[in-house]
Amino acid sequence: MSVCLVTGGAGFIGSHIVDALLARGDRVRVLDNLSTGRLENLSAAMEKIEFVEGDIRDEATAQKVAEGVDFVFHLAAMVSVPKSMEKPAEAESVNTIGTLNVLTAARAAGVRRLIFSSTCAVYGDEPTLPKTETMPPRPQSPYAISKLAAEAYCQLFNESFGLETVVLRYFNVFGPRQDPSSPYSGVISIFVERMTKGVAPTIFGDGEQTRDFVFVEDVVRANLLASETPNAAGKIFNVGTGRQVSINHLFKSLADVLRRELSPRYGPPRPGDISHSCASPALANTVLGWSAQISFEEGLRRLTTGVVPE
Ligand code: UD1
């Protein structure tokens with residue numbers, strides 16, 4: 001049994017990691033400031049975990065929660081590209097300085113390994129597809145810059161400060177508990193919420209932009225493997241399926257699954273958006289033995305179970 005700290009554990013992905021760690025018999029502590037995370041994501045887990053409400057940027061809090069911990073899963077972050085365009089300094093403060101603070105606390109506490117949730121946004125609009133981890137990053141939003149800087153700190157701590165770290169670059173994660181309520185939410189959660197109410201969603205741009213949508217359970221598995229695989233330390237891994245899906249195709253697939261006859265609205269393209277995104281999952285496959293097991297269609301079915309009219 002290990003002791004695990006999940007920062008951002010009340011969030012969409014973090015709360016699924018909490019559930020998986022509990023299922024494997026670990027002791028779990030969660031640090032979350034509930035800025036975007038929600039306690040109801042932890043409702044099934046709450047009695048079994050230690051929940052600390054606090055900010056990763058607060059040094060004393062980070063030190064306290066890192067005590068006695070074997071593994072840190074660091075997910076607390078500002079996760080939105082458009083929000084980071086509006087508030088670049090906040091993105092830097094939470095995503096870079098916050099990560100540095102968590103790394104410092106983990107090192108001082110003698111943590112065995114820290115798994116960092118990063119993003120494929122660091123590749124930017126470099127046209128080569130699929131993205132491989134060795135490609136030079138071309139961040140084009142404050143969000144991507146702040147995550148790339150945090151990745152560099154993770155690697156520094158692995159190389160020079162005696163703390164093992166693994167960086168996971170998530171592509172577009174979707175699944176239950178993704179909060180649709182803000183304009184900064186992930187596209188699938190927004191579309192599902194609107195379309196189940198019979199409201200047409202808005203597609204930004206011509207809808208031919210693509211994303212590599214990966215189901216949250218596959219992302220959880222990548223995290224667990226990253227914590228367990230000895231030679232993963234110091235490495236960066238893409239966590240994506242290798243399949244590109246356009247926003248237009250997403251809309252059509254959801255209309256099918258939800259059995260709704262709707263036409264989307266089209267709006268102006270979103271500033272900071274990248275055009276195309278698709279992972280090469282080859283390195284994660286070779287080193288971690290990971291590949292996505294839940295297809296886009298199966299993921300949409302699981303996500304919409306219970307909301308499809310009979
Ligand atoms: C998402 C993640 C980010 C992650 C990144 C990796 C969220 C909120 N953000 O950013 O944390 O690091 O993937 O690439 O999950 N769109 C519409 N209509 C809408 C909303 C979005 O057309 O109502 C379009 C956007 O313009 C974009 C695409 O859908 O082209 C995906 O947008 P979004 O879900 O916000 O994800 P990313 O910006 O890719």
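The values are calculated or read from the model by the stated rules, or taken from the named source; none is laboratory data. Here the structure is a predicted model, which is why all the values come from computation and not from measurement. In this analysis, Cβ positions are derived from the backbone assuming ideal geometry, glycine residues included, and neighbour counts consider all displayed protein chains. Quick note on the areas: whole protein, heavy atoms, side chains included, nothing else; ligands and nucleic acids left out. Shrake-Rupley method; radii C 1.70, N 1.55, O 1.52, S 1.80 Å.
Sorting 81, 239 on solvent-accessible area from highest to lowest, probe radius 1.4 Å, gives 81, 239. Taking every DSSP helix (H) stretch of at least 4 residues in the chain, weighting each as -39,500 (n - 2.57) and dividing the sum by the residue count yields a mean residue ellipticity at 222 nm of -10000 deg cm²/dmol. Each label was represented as a point 7 Å from its Cα along the Cα-to-Cβ direction; for residue 293 and residue 134 these points are 3.0 nm apart. The aspartates and glutamates whose alpha-carbon is closer than 15 Å to the alpha-carbon of residue 64, local same-chain residues fewer than 8 away aside, are 32, 50, 53, 55. The accessible-area ordering, largest first, of the residues 202, 210, 128 stands as 128, 202, 210, per a 1.4 angstrom probe. Placing +1 on the Cβ of every Lys and Arg and -1 on the Cβ of every Asp and Glu, with nothing else charged, gives segment 155-281 a dipole about its Cα centre of roughly 400 debye.
Under the simplified labelling scheme, the residue 89-residue 152 pair shows an inter-label distance of 2.1 nm, with each label point 7 Å from Cα along Cα→Cβ. Counting only residues at least eight positions apart within a chain, or on another chain, the aspartates and glutamates with an alpha carbon under 13 Å from that of residue 83 are 92, 273. Solvent-accessible surface of protein heavy atoms, probed at 1.4 angstrom with all chains present, puts 67, 151, 217 in the order 67, 217, 151, largest first. Straight-line cross-link partners of residue 131 among the aspartates and glutamates, defined as a Cα under 14 Å from its Cα and at least 8 positions apart when in the same chain: 212. Think of a 1.4 Å ball rolled over the protein heavy atoms: segment 185-302 then has 43 Å² of accessible area per residue. Between the alpha-carbon centres of segment 100-162 and segment 218-252 there is a gap of 15 Å. Stretched out straight at 0.36 nm per residue, the stretch from residue 286 to residue 199 would grow longer than its current Cα-Cα span by 27.0 nm.
Expressed as a whole percentage, what fraction of the accessible surface of the chain belongs to carbon and sulfur atoms when a 1.4 Å probe is rolled over the protein heavy atoms? The computed percentage sits at 52. Can you tell me the length gained on complete extension of the stretch residue 2 to residue 107, counting 0.36 nm per residue apart and subtracting the Cα distance? Separation in residues times 0.36 nm, less the Cα-Cα distance, equals 36.1 nm. Candidates 102, 268, 167 compared by Cα position along the dipole of the chain: farthest toward the positive end lies 268, with charges placed on Cβ.
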